[in-house]
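The structure appears right after this line, and notes come after that.
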Amino acid sequence: MTARAPGRAHQQQKVADLNGFTIAGALLSSQWTDVKFVMPQWALRPGDNRLRLSFSEGVSSFEDRPVSSAVSVI
């Protein structure tokens, strides 16, 4: 994944959950960062799988909605 924290957030804690299991965590700065994580086979299930990315904080955007990160590639 390539991502960064919004400029005003400075640092952002990211957590990745796969089907309810935490599989990775990383600290994002305001610079674009490549974050690698592995989806372990034991957390995968047949059919659809759900990957959830959570971030520690949000800052106001131009549209007055909270923004927690910019993600370029997953």
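The values are calculated or read from the model by the stated rules, or taken from the named source; none is laboratory data. This is a predicted model, so every value here is computed, not measured. Glycine gets a Cβ as well: all are built from the backbone with ideal geometry, and neighbour counts include every protein chain shown. Ligands, DNA and RNA are excluded from the accessible area calculation, which covers all protein heavy atoms including side chains. Shrake-Rupley method; radii C 1.70, N 1.55, O 1.52, S 1.80 Å.
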First in the stretch 52-74 and over 22 Å from ASN19 (Cβ atoms) and open to solvent by 40 Å² or more (accessible area, probe 1.4 Å), second anywhere and of a type in the set (Gly, Ala, Ser) and modelled with pLDDT under 75, Cβ under 8 Å, 6 or more apart: GLU57/ALA9; GLY58/ALA9; PRO66/GLY58; PRO66/SER60; VAL67/GLY58; VAL67/SER60; VAL67/SER61
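In the stretch 1-24, which residue that is in a loop (DSSP other than H, G, I, E, B) and among the polar types (S, T, N, Q) is surrounded by the most Cβ atoms within 10 Å (Cβ to Cβ)?
Filtering the stretch 1-24 for residues in a loop (DSSP other than H, G, I, E, B) gives 1, 5-11, 19-20.
With among the polar types (S, T, N, Q) added as a condition, the list becomes 11, 19.
Values: GLN11: 11, ASN19: 14.
This residue is ASN19.
Looking at the stretch 34-50, which of the residues that are among the charged types (D, E, K, R) and touching a residue at least 12 places away in the same chain (Cβ under 8 Å) is most open to solvent (accessible area, probe 1.4 Å)?
Taking the stretch 34-50 as the starting set, the residues that turn out to be among the charged types (D, E, K, R) are 34, 36, 45, 48, 50.
Adding the requirement that they be touching a residue at least 12 places away in the same chain (Cβ under 8 Å) leaves 34, 36, 45, 50.
Working: ASP34: 113, LYS36: 187, ARG45: 124, ARG50: 172 Å².
Result: LYS36.
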Output for the stretch 21-50, where each listed residue is at pLDDT below 95 and among the basic types (Lys, Arg): LYS36
